[in-house]
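The values are calculated or read from the model by the stated rules, or taken from the named source; none is laboratory data. In this text, all values refer to a predicted model and were calculated from it rather than measured experimentally. With ideal geometry, Cβ positions are generated from the backbone for all residues, glycine too; neighbour counts draw on all protein chains shown. Surface areas here come from the heavy atoms of the whole protein model, side chains and all, with no ligands, DNA or RNA. Shrake-Rupley method; radii C 1.70, N 1.55, O 1.52, S 1.80 Å.
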Amino acid sequence: MKTRIYKHQLNRMNKKIAILTFSLALAFTSCKKEDKQEETPGEEVKTEATSGLQIISDSTKVNWTAYKTTDKVAVGGSFKQIELKNTQNGTTPESVLEGASFSIPVSSLFTNNEDRDSKLKTIFFAALKNTEMIGGAFNFREGKCFLTLTLNDVTKQMEVPYTFENKKFSISSTINLDDFGGQAAIEAINKACFELHKGADGVSKTWSEVAITGSVQFE
């Protein structure tokens, strides 16, 4: 009888030892797995950095200067809305603006004189064809900038000088409205502003030449 009890107790002890041994082994194994996970370096997350020149939003500007009287008195103005499209990714202004197109609503014309603005919109531009928008594009060849301009249903391409300083791309040139068939528009605005366009010699004159400047700021 005592022998049976002893064997029974021994069996129970052996089971406990086995369970304890298994638990320790499991715990030890788990710790090892966690250690391996901690030692394994995490996967590196790669982010693609934006490189090259970026055009600052709403930085595009277009100004113009027309002339009146035989003394060639300057009258300045600008366009408040310019949409620049089809720009490219690049590290130079030439590569970014190659093939870029622009459109300018005539309604955005501004000279800081409401009466003059109204006459230019309703008389001068009204005498031209399809001038709700003035459109054009940029191209670069052999270090030169070419501006394609459409006005009065006439499209002309001209070389324009340009600079790039302090991340600002600028052009300046002079167009002759006669090249775009604008004689009727010039006569119409000169008639409407006949007295205002008189000089000291008593001659009323509106010039066909218009100086233009444009710029785009990059970052």
Name all residues of region 106-120 having a backbone nitrogen under 15 Å from the label point set 7 Å from the Cα of Glu83 along its Cα→Cβ direction, giving them as ranges.
106-108
Can you pull a Stokes-Einstein diffusion coefficient for region 99-214 at 37 °C (0.692 mPa s), Rh from Kirkwood over Cα pairs, as a whole number of µm²/s?
209 µm²/s
Of all trypsin sites (Lys or Arg not before Pro) in region 44-152, the ones in DSSP coil with at most 15 other Cβ atoms within 10 Å are Lys46, Lys72, Lys80, Lys129
Mind giving me the nanometre distance, one decimal, between the label points for Ser215 and Ile123, set 7 Å out from Cα along Cα→Cβ?
3.2 nm
Could you work out the relative contact order of region 130-202, using alpha carbon pairs under 8 angstrom and six or more residues apart, expressed as a whole percent?
18 percent
What residues qualify as long-range amide H neighbours of Cys145, i.e. H under 5 Å apart, gap of 5 or more or another chain, H built at 1.01 Å from N?
Val160
Backbone N within region 108-130 under 14 Å of label point (7 Å from Glu187 Cα along the Cβ vector)
127-128
Collect residues whose amide H, placed 1.01 Å from N in the peptide plane, falls under 5 Å from the amide H of Leu151; neighbours closer than 5 in sequence don't count.
Lys156
Sparse-neighbourhood loop hits (chymotrypsin sites (Phe, Trp or Tyr not before Pro), region 163-219; DSSP loop; Cβ within 10 Å at most 16 others) -> Phe194
Once label points are set 7 Å from the Cα along Cα→Cβ at both Glu132 and Ala200, what is their separation, rounded to one decimal in nm?
4.6 nm
At a 1.4 Å probe, what is the % contribution of carbon and sulfur to the accessible area of region 112-176?
46 percent
One quarter of the convex hull surface, Cα atoms only: what value does that give for region 47-149 in nm²?
9.1 nm²
